[in-house]
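Data first, discussion second: the structure below is written as structure tokens.
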Amino acid sequence: MIASIKAHRHRVALRPSLAGRIAAVSLILGPLAACSSGAPLNAALTGNRTLNIARTALAGGNPQMALTVTNAVLKSNPDDSEALIDRGDAYYLLNDCVSATADFRHALRISPRTATAELGLGRCALPTDPRTAATDFGNASRDAPGDAVAFNDVGIARADQSEFGAAQAAFRSALAIDPSMQAASVNLGMSLALGGNPAQAEIVLGPIVRGPGATPLIRADYATSLALAGHPTAANRILIADMPAAEAEAMVAQILKLHALPAAKEAAG
């Protein structure tokens, strides 16, 4: 994933759903393309500069502009794999995964084993088919073994299937590559909590919650781990920093109720 400029990456950490599963979105914008050896130098440089505009638009939350720019590039060169990936990212942000998937697959036919396209396929598959997403993300981690994002995304897909041990291994791989990756740390903590090890989750999430980058979502994750570890009062104390006391109490009660369901089913069975 060598690029002329660093790719812009936006990550959303895992969140526990009311069904006790994990849902997540991880958006990775495609890297700036290198010059294509099959195109005249001036045309390649022009294409790169144009795609840079598209990537800036994507990073700034303007996928419609990115779509316009990439359409212009692809009109003159429909097999520009980097433009296809960037257009796929734009379609993804516009909630058009049918078009995004088509572009990512087209890019892979032109440039097999391109991790950014594989990550794009996984993003689109994750909400409805986490097993396929795990395969796509696994391919990306194979083809970009130094990319922490790819391993983080593998963990997301594994956790979404309640494969928490495999998820934790993937998150740890991401952190081995990039120890400062907060999303992977939060995801690791939540997968530990939901996988039945809330005490370890507290160890992982506690320092993040006390750090300057803590957000309401991270505090909610930490509160979840506290509640699951048998500390509902401490969980409530964390939550009331971001919500009314009654709402915090209701959330803790819901967490405890969901935690009790598997044990109740096992006892009844």
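The values are calculated or read from the model by the stated rules, or taken from the named source; none is laboratory data. These numbers come from a predicted model, not from an experiment. With ideal geometry, Cβ positions are generated from the backbone for all residues, glycine too; neighbour counts draw on all protein chains shown.
Does the stretch 199-213 contain any residue that is touching a helix residue (DSSP H, G or I) at 6+ places or on another chain (Cβ under 7 Å), surrounded by fewer than 17 Cβ atoms within 10 Å (Cβ to Cβ), assigned to a loop (DSSP other than H, G, I, E, B) and not polar (S, T, N, Q)? Within the stretch 199-213 (the criterion being touching a helix residue (DSSP H, G or I) at 6+ places or on another chain (Cβ under 7 Å), surrounded by fewer than 17 Cβ atoms within 10 Å (Cβ to Cβ), assigned to a loop (DSSP other than H, G, I, E, B) and not polar (S, T, N, Q)), the answer is yes, since at least one residue qualifies.
Report, by residue number, each residue of the stretch 126-137 that is within 17 Å of residue 162 (Cα to Cα), part of a helix (DSSP H, G or I) and free of Cβ contacts under 8 Å to residues at least 24 places away in the same chain. Within the stretch 126-137, 132, 135, 137 meet the criteria. With the condition kept exactly as written, say whether any residue in the stretch 160-179 is out of contact with any strand residue (DSSP E or B) (no Cβ under 6 Å at 6 or more places or on another chain), assigned to a loop (DSSP other than H, G, I, E, B) and within 22 Å of residue 208 (Cα to Cα). Checking the stretch 160-179: at least one residue is out of contact with any strand residue (DSSP E or B) (no Cβ under 6 Å at 6 or more places or on another chain), assigned to a loop (DSSP other than H, G, I, E, B) and within 22 Å of residue 208 (Cα to Cα).
When the stretch 250-262 is limited to residues that are over 11 Å from residue 223 (Cα atoms), surrounded by 12 or more Cβ atoms within 10 Å (Cβ to Cβ) and without any contact (Cβ under 8 Å) to a residue 40 or more places away in the chain, the one that is nearest to the chain's Cα centre (by Cα) turns out to be 259. For the stretch 233-241, the count of residues that are outside any helix (DSSP H, G or I) and either surrounded by fewer than 17 Cβ atoms within 10 Å (Cβ to Cβ) or touching a Pro at 6+ places or on another chain (Cβ under 7 Å) (or both) is at least one.
Please tell me if residue 123 is of a type in the set (D, E, K, R), assigned to a helix (DSSP H, G or I) and surrounded by 24 or more Cβ atoms within 10 Å (Cβ to Cβ). Spelling it out, residue 123 is indeed of a type in the set (D, E, K, R), assigned to a helix (DSSP H, G or I) and surrounded by 24 or more Cβ atoms within 10 Å (Cβ to Cβ). There is no residue in the stretch 255-267 that is of a type in the set (Val, Ile, Thr) and modelled with pLDDT of 90 or more. Number of residues in the stretch 223-232 that are surrounded by fewer than 24 Cβ atoms within 10 Å (Cβ to Cβ) and assigned to a helix (DSSP H, G or I) equals 1. Does any residue of the stretch 174-193 turn out to be at pLDDT 95 or above and of a type outside the set (A, V, I, L, M)? Yes: one or more hits.
Every residue, every condition in (1) within 13 Å of residue 139 (Cβ to Cβ); (2) surrounded by fewer than 20 Cβ atoms within 10 Å (Cβ to Cβ); (3) not aromatic (Phe, Trp, Tyr), yes or no:
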| site | (1), (2), (3) |
| --- | --- |
| 79 | no, yes, yes |
| 87 | no, no, yes |
| 90 | no, no, yes |
| 96 | no, yes, yes |
| 105 | yes, yes, yes |
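Of all residues in the stretch 68-107, those satisfying the criterion of being in contact (Cβ under 8 Å) with a residue 24 or more places away in the chain and among the hydrophobic types (A, V, I, L, M, F, W, C) are 73, 83, 84, 85, 90, 93, 94, 97, 100, 107. Across the stretch 131-141, what is the total count of residues that are in contact with a Lys or Arg (Cβ under 8 Å, 6 or more places away or on another chain) and either within 20 Å of residue 81 (Cβ to Cβ) or surrounded by fewer than 24 Cβ atoms within 10 Å (Cβ to Cβ) (or both)? Adding up the residues that qualify gives 1.
Within the stretch 164-184, the residues that satisfy the criterion of being surrounded by 20 or more Cβ atoms within 10 Å (Cβ to Cβ) and small (Gly, Ala, Ser) are 167, 170, 174, 183, 184. Taking the condition under 22 Å from the mean Cα position of the chain (by Cα) and touching a residue at least 40 places away in the same chain (Cβ under 8 Å), does residue 208 pass? In short, no. Per this entry, residue 153 is counted among residues that are within 28 Å of residue 141 (Cα to Cα), surrounded by 14 or more Cβ atoms within 10 Å (Cβ to Cβ), of a type in the set (D, E, K, R) and at pLDDT 90 or above.
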